[in-house]
Each structure stands twice: as structure tokens, then as C-alpha cells.
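The values are calculated or read from the model by the stated rules, or taken from the named source; none is laboratory data. These numbers come from a predicted model, not from an experiment. Here the Cβ is made from the backbone with ideal geometry for all residues, glycine too, and neighbour counts use every protein chain on show.
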Amino acid sequence: MDKKTIIAVSLAVVVIIGSMIIQSRFFPAPKTPVSSEPPSEITEVEEKVEESRTEAPLISGALRVAEDDDLAKTLSEESFYIETNVYKVTFSNRGGVITSIQLKDFANTDGTPVEMVLSGETGQYPFSIHFGDIHAQAVSALFHYERALAEPKVEFYSNFQSSSGVPFRLKKTYVFKPNEYLIELNITIENSLNEYPNLDFNGIAYTLGFGPQIGPEFKKLDKRNEYRQYISYADGKKKNIKISKDGLSVIEGRVTWSAIVGKYFEVIAIPDATEYRITFATQPISGIKERSSFYFSRPVIKSSKNTDIFRFYVGPKKRDVLLKYNDPNKNEFGIGDMSFEETISSSILIGWLANILKFFLELFYRIIPNYGVAIILLTILIKVLLFPLTHKSYESTSKMQTLQPKINAIKEKYKSNTQKMNQEVAALYKREGVNPLGGCLPMLLQLPIFFALYNLLSNHFSLRGAVFLPPWIVDLSAPESVWDFSPISIPFVGWHELRILPFIMLITTFIQSKLTQSPDASSKNMKMMTYMMPIMFFFILYDMPSGLVLYWTMQNFISVFQQLYINQRRRKKNSTDNLGKGK
């Protein structure tokens, strides 16, 4: 094998391995712990918790609904809802929780509003109160409630007393604004006798929980089509929270906000200045497949009346919406400098390129309002811009193919002297002005664009649910599927859906690779790359967003026709040259 062939093979291997390393290092899908929320049935994990809870002394003893609350005896469980311009929110007076948050401006593929509360069969809901830490049972008492007529506001209250007989009232007040994706929750604990309730459960008065999972519904957290990230933001810095092996991660001290982030929707909790203990929980529980919860544990209260203020952003992960909360004049709650946009991942290396591609994608969409067509037009634009560079590469490949007879003649002549054969082949390349590595250039040029498009097409909110060719490609942000044969899955890869677009891409990638391969017939490794490269990309892209596979397929089509045109033109030129020499 001559030196240049070795270099070509080595470069191809470097490109493949390098692309995989770059993807895993700079564009990793967020880790997805297996999760869920405290269940109604005691699991093995909970039995251990129950044992530790029994052993740990509770300073103020168990709490109960005040026995002298005559009104409480007549309460029955009720559900009701309120609507704003952006929300439809359903409440339950059992625990004073929210059982549903529907986003009116965002729909699922079946046309139903996006639901941000996923409780499964756990019986657990967001904004639950636990007297104690996260292991304490959620308060399930029936609450009185009052609904404000003048504004979207709901107040729940119930009277309690500790085992020592100290009475207090727990009040939960939800405040909404007509056009805001923020929910304000005021939690008040007060004693009418001017005594502070002895709420001290190993240093914790109560815990506010949000879980067991955020919406919308998903098949699984596969790190591509849906995922969960856990983030905290404090002192102007974002921190990605890594969940420990036991499914719990704790943050101590003040934070500006903490968040559970999905692919397109998220929940961001903004506590007040109290130093809460914040716990992210992904421990599996019965009643829901995967869990993503967080809890705010409040230190002991030292006053007869105390109100804690929380705000929760429950809505889309859209930059233009999130940026509103940096300017007090642009949101109805009057808050600013929140930096919610930090929840949107971006790459330092190719983020600028993704933004440029996004600009042209949106431009083409405004011209033809179909994102599939916009992606095709974007592909054509990229090929046009890269034409001066790729054309020279394709010309080099085409010229090498015309040299095949001469190369074969040299190999036949010097088949017993490998060193001399390599020297003569190299001299031939030099005389003809051919670079044997020229065919690698198109792939190298495509890699940064490929990663930028992966970043764009995987996260651009407008592509969520974007239809290209119904009923085949109905969501360009997700893989297309023509047949779901689950629960059966293909061993090793775990595929349980048949997709057509990746097979089209495989064929076009093979044809392109075949057309641009080196004509060195003795290079078995190079020939192997001709087959392995398409197969490798097939496996990488099989579960990728269909918009990305569409781009790769279209650029293959264009490249194939470009190479065929160049080959044909060169054959005509060689034929003309040969006729001239014959004269």
C-alpha cells in the first residue's frame, strides 16, 4: 500500500472517529435518569425510607387536621379550572394542588393542547406540601378554596394542629397574569394566638414539591426525541446538575432559579430569598415510567405568620418568550435579569453557524411555508456556497478515475517491486496535477455544517410538529416512522420502528461514496470505507430528526448529480483530446 493511500485511509478514519467524538463531546444529549414521584403504594425503596422515618424523631410530632374545624367535616373533593390567555389550569381541593396545566397556544400532533403535568397513576401532583422533608407524605387533606372574580387567583386554606396542640392555618394562594407563563404561589403559615407553630422536622418546616414528571407526554426519554436536564442558576452562573446514582441530588444555599428542562418545554422554579434545600429526584416509583421532580425544603419558621413566595415558569423553551423576563417592562410580574434563556443549550464552536443556518431556514420558510421545502432550499444554498471548493475536489476525483488504466499499467509493470510502483504512481499523480486525497474534502467540509444543522434541527422550536409530507413525515424534529412493531425490537440497536428516509439516505450515501472513491483498485481498506461510511451514517442517523436526515439525503442527491456531470464532461474532453492526437 503506497504512502498516500495509507494517508487517505488514516484521514478517513480520523474523520469518522473525530466526528463521533465531536458529537459526543460538544453535542451530547442530556443524560436521562430513569425516574418517577412518591407513589401511593410502598415500594422497596420507600420501605427503607419508612424505616428511617420511624427511627428519626420528629420534634413537633405528627400533624393532623384541626378537630375543631367544623367546616372541614362538610367538605367534599372538588375539581375546577380557570383560564388565562395562555393557560387552562385545573385544581383539586384535595391538597390544594394543580392537576393539569394545558398550554393553549401549543398542540400535540393530534391537535390536543400540550399538557405540562404528567402524574400517571401516582396520585401525586405539582405544588404538593409535605410537612417535613421530601420523604414525608404529601398533605392530602381537603381544603377550603376561594376564587377571585376580578383576576385569575385562587386561594386554598386548611386548619391544622400539631400533636402538642398548637393550631395554625396553611394557606396556598395561586396568582396568574393574563399573558404570562408564570405561576406565583404564596405559601402562608400563620397562628392566630401569636405563637409560631412548632414545625421542626429535623430542621425542616415543610417541603414544596413539583412532580412527578413534566409534560408533554413522551414514549421514553431517549436523549434525542425527549430528554431531561436539571439546572440551577446562581450568581450569574448556570450549573448543570448531575443526578447521583441513588436518584437524588441536593443543592444548598440561595439560587436565582432551578429548572427541569425538556426538549421543547420546561419548568423553572424561582424561590424567594430564603435558603431552601433544593432536591432533584429521579428515583423510580410505581405509577409512572420515568420521574423528574424537584423539591424546596424550607428551614424552621420562627414567627407566628410567615409567607414564602415562589414563582414557576411552566411553558415553552422559546428564546423570545424567555427573554421577556430579563426586562421588567416586558412581563406582567415586573421581574428582570432572570436569564431563563440559559436553559437553551448552544455550542460555542458551531453556535454561530447554527444561527446563520437558522436565519436562512426561516427566510425560506417565509417564502414557502413548509419547513421540509425550506430545508431542501437551505441544502441547495449550502451546495451553491461550497461549489467553488467542492467542484475542484470532484474534478480531482474525476481526473483520478480517468487515470485508472495508467495506474493499472504501472501496477502490472512493477508488481514485484512495491516501492518502485508507489513511486511511479506518485509521479503520475504529480504530472497530472491530481490530489489523491481530494475526495475527502467534501466530507470534511460537510462535518461542521452537519453538526450545526444537528444542533439547529434538534432544538429549533418552530420545527416541533412541522409537517413535510403527510402522512409520512409529520414532524421534522423527530424521526419519521412507517411501522411501529413494538414491543418487538431489533437486538443490539433497540430499534422498534421502520423508517424509510434513512434507507434512502443509505443508498444515496453509498452512490456518492462510490463515485468519489479513489480509483486505486489495490486499496482494500479504501474500498471498505466506500461501504462502511454509508453504513456508519445509516446507524448514526437512523433515530435522528427527519429534518437532519432529509438534509443529508438531499445533499447526497445533489453531490451525485454534480459528480456524474463532471465525469461525463471529462469523458467528452478526453474523447476529444484522443481524437485530436489521432489526427
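Assorted remarks:
To keep it simple, each residue is scored yes or no on (1) over 15 Å from His130 (Cα atoms); (2) in contact with a His (Cβ under 6 Å, 6 or more places away or on another chain); (3) small (Gly, Ala, Ser); (4) not in a loop (DSSP other than H, G, I, E, B).
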| site | (1), (2), (3), (4) |
| --- | --- |
| Ala150 | yes, no, yes, no |
| Leu170 | no, no, no, yes |
| Glu180 | yes, no, no, no |
| Ile189 | no, no, no, yes |
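- Any chance Thr122 is crowded, with 21+ Cβ neighbours inside 10 Å, over 22 Å from the mean Cα position of the chain (by Cα) and modelled with pLDDT under 95: yes
- Positions within the range 125-160 being under 34 Å from the mean Cα position of the chain (by Cα) and among the basic types (Lys, Arg), in sequence order: Lys153
- In the range 221-236, the count of residues that are assigned to a strand (DSSP E or B) and more than 29 Å from Leu463 (Cβ to Cβ) is one or more.
- Residue among Ser303, Ser293, Ser286 that alone is within 18 Å of Ile101 (Cβ to Cβ) and of a type outside the set (A, V, I, L, M): Ser293
- Qualifying position, being closer than 26 Å to Lys223 by Cα, assigned by TED's automatic domain parsing to the domain that holds Gly253 and charged (D, E, K, R), among Arg311, Arg298, Arg277, Arg319: Arg319
- Just one residue in the set Arg277, Arg228 is closer than 20 Å to Gln124 by Cβ, at pLDDT 95 or above and surrounded by fewer than 19 Cβ atoms within 10 Å (Cβ to Cβ); that residue is Arg277.
- Among the residues of the range 299-331, the ones that are surrounded by fewer than 21 Cβ atoms within 10 Å (Cβ to Cβ) and of a type in the set (Ser, Thr, Tyr) come to 3 in all.
- Filtering Ile356, Ile375 for residues that are part of a helix (DSSP H, G or I) and over 18 Å from Leu476 (Cβ atoms) leaves a single hit, Ile356.
- Filtered residue count, the range 121-133, keeping only those that are touching a Gly at 6+ places or on another chain (Cβ under 7 Å), part of a loop (DSSP other than H, G, I, E, B), over 16 Å from Thr90 (Cβ atoms) and not hydroxyl-bearing (Ser, Thr, Tyr): 1
- Residue pairs whose Cβ atoms lie under 7 Å apart, sitting 6 or more positions apart in sequence or on different chains, and linking a residue in the range 452-475 that is touching a residue at least 40 places away in the same chain (Cβ under 8 Å) to a partner that is among the acidic types (Asp, Glu), are Gly465/Asp475; Ala466/Asp475; Ile473/Glu480.
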